[in-house]
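*Asks:* Have a look at this one before I ask anything.
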Amino acid sequence: MQNLTVVKIGGAVLEDTASLKDFLLRFDAITGNKILVHGGGRTATQLADRLGIKTQIVDGRRITDKDMLEVVIMVYGGLINKNTVAFLQSIGCNALGITGADLNIIRAVQRPVGDIDYGLVGDISEINIKVLQLLLSEGFIPVIAPLTHDGLGNLLNTNADTIAASIASAMSELFNVLLVYSFEKEGVLLDISDRQSVIPLMNRELYSKFRNENIIHSGMLPKLDNSFKALEDGVKGVIITSSNALDLTKGTRLTL
């Protein structure tokens, strides 16, 4: 099997042009097949504030009504996605910016209402691995915005961490997949105020202990939940690291 690196970029890095360009140079240097998934929640929140649209986040997940969906479509599918692609093209990386609706790559269903009504949020039902494999085989680098579709003409806001993990899991049928979560922190931290308190290695047992003791910041929980699920689904490795450390020798490496 060939290798595939699925990288998700998010956090404050996306808001700073210099930091983003530095990250993209590092991403371009990754050898072999690769896919980039980006977030953009902070930028979406800033635009929503300017438009007078209230932002609600529960356990790291955005409540998405009709107005908020329009904001995230503009920010994720437009501003961030196309700026990212434009820079990658400028350095010779033949990137293709897409959402889950393009080429029917990511199908989802609207999340059922439970204890929390998340609104127009998608739970992934299918990843079109044949199309992604075709794009990679032709030398294209997919840059995927965190938007999916339901097959009925509706876009849905879908957590970027979940998209990255779902793509990594699905593509593990065809590739040896490494999943990398990259953001402004050095990894999973014991103390959110101490950038050097990186946990270098974490298994599920240690994660459960830290979670029960409320040691891990709530915003990190979706990443970790998705990461361990991906490992169970056949992904070969998961690393949570800084956007400045895409040599993959630093950060937090997860194992079962």
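*Asks:* Mean separation of Cα pairs under 8 Å and 6+ residues apart, divided by the residue count of the chain: what relative contact order is that in percent?
*Replies:* Reported relative contact order: 23 percent.
*Asks:* What residues from region 69-90 fall in the zone where the backbone N is under 18 Å from a label point 7 Å along the Cα-to-C-beta line of N128?
*Replies:* From region 69-90, the list is 77.
*Asks:* What is the distance, in nm, between label points placed 7 Å from the Cα along the Cα-to-Cβ direction at V109 and at K250?
*Replies:* So the label points at V109 and K250 sit 4.3 nm apart.
*Asks:* Quick test of the membrane-span-like rule: which DSSP H helices of the chain reach at least 27 Å along their long axis (C-alpha atoms) with mean Kyte hydropathy at least 0.0?
*Replies:* Span-like helices in the chain: none at all.
*Asks:* Using alpha-carbon positions, what is the distance between the centroids of region 231-256 and region 132-186, in Å?
*Replies:* Value for the Cα centre distance between the two parts: 16 Å.
*Asks:* Order these by the 10 Å Cβ neighbour count, fewest first: R107, R42.
*Replies:* Fewest-to-most ranking of R107, R42: R42, R107.
*Asks:* Taking the Cβ-Cβ separation of I91 and I53 as r and a Förster radius of 30 Å, what is the calculated FRET efficiency to the nearest 0.05?
*Replies:* So the FRET efficiency works out to roughly 0.30.
*Asks:* For a quick protection proxy, order the peptides 80-92, 200-212, 217-229 by their average other-Cβ count within 10 Å, most packed first.
*Replies:* Taking the mean over residues of other Cβ atoms within 10 Å, the ranking is 217-229, 80-92, 200-212.
*Asks:* Another question about this same structure. How far is it, in nm, from the label point at I192 to the one at I215 when both lie 7 Å from their Cα along the line to the Cβ?
*Replies:* 1.6
*Asks:* Given the pairs K130/K250; K34/K82; K54/K250, which span a C-alpha to C-alpha distance of over 27 angstrom in this model?
*Replies:* K130/K250; K54/K250
*Asks:* Is the shape of region 1-132 rounded, prolate or oblate, going by the alpha carbon gyration tensor and its root eigenvalues a ≥ b ≥ c, with a/c under 1.5 for rounded and a/b larger than b/c for prolate?
*Replies:* On the way: a/c = 2.18, a/b = 1.35, b/c = 1.62.
Oblate shape, in that a/c is at least 1.5 and b/c is the bigger or equal ratio.
*Asks:* So between E15 and F140, what do we pick up on full extension, going 0.36 nm a residue minus the alpha carbon distance?
*Replies:* 42.5 nm
*Asks:* For G122, what is the net charge nearby, where nearby means another residue's Cβ is under 13 Å from its Cβ and Lys, Arg count +1, Asp, Glu -1?
*Replies:* Taking every other residue near G122 into account, the sum is +1.
Since every read-out is calculated from the coordinates, none of them should be taken as a lab result. These numbers come from a predicted model, not from an experiment. Glycine also receives a Cβ, built like all others from the backbone with ideal geometry; neighbour counts cover every protein chain displayed.
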